[in-house]
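The values are calculated or read from the model by the stated rules, or taken from the named source; none is laboratory data. Because the structure is a prediction, the values reported are computed rather than measured. All Cβ positions, even for glycine, are placed from backbone atoms using ideal geometry, and neighbour counts span all protein chains on display. Just the protein is used for accessible areas: all its heavy atoms, side chains included, with ligands, DNA and RNA removed. Shrake-Rupley method; radii C 1.70, N 1.55, O 1.52, S 1.80 Å.
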Amino acid sequence: VAALISLSFGGAVGLMFLMLGCALPQYNQYWPLFVLFFYILSPIPYCIARRLVDDTDATSNACKELAIFLTTGIVVSAFGLPIVFARAALIYWGACALVLTGNTVIFTTILGFFLVFGSNDDFSWQQW
């Protein structure tokens, strides 16, 4: 229960940083909200690969490695998008820093979710 509460708190803090980067009066640009698509897309390749791959094989698996590669590309894109927006003068650099801080918190929370609930016990995300 403590892990679930801390994960939900991490998600709320990360989204707070994202909203602060968008809605503070000196920034007032909502372009960084496109990062939400990356938050949704990031766990999908690993979830699909986890369903397709048998974990009993100890050797390297191409499907799982491809999923990790795609997830890494999505995460790097989420960090790159606010920087591109700031370089193109669509958002301020302060807003970019807030969004990057929110990205770090959110992706750490997503990683923590898979570490806490990723095992194959009776309380696993795979049963959802």
### Message
Just the number please: accessible area per residue for the chain, 1.4 Å probe, all protein chains included, in Å².
### Response
61 Å²
### Query
So what's the convex hull volume per residue for the Cα atoms of the chain, in Å³?
105 Å³
### Query
Kyte-Doolittle mean at least 1.6 and Cα extent at least 20 Å along the axis: which DSSP H helices of the chain qualify?
2-23, 93-117
### Message
For region 67-118, what does the convex hull of the Cα positions come to per residue, in cubic angstrom?
### Response
57 Å³
#### Entry: Nearest-20 debye value, the chain charge dipole, Cβ charges on Lys, Arg, Asp, Glu
500 debye
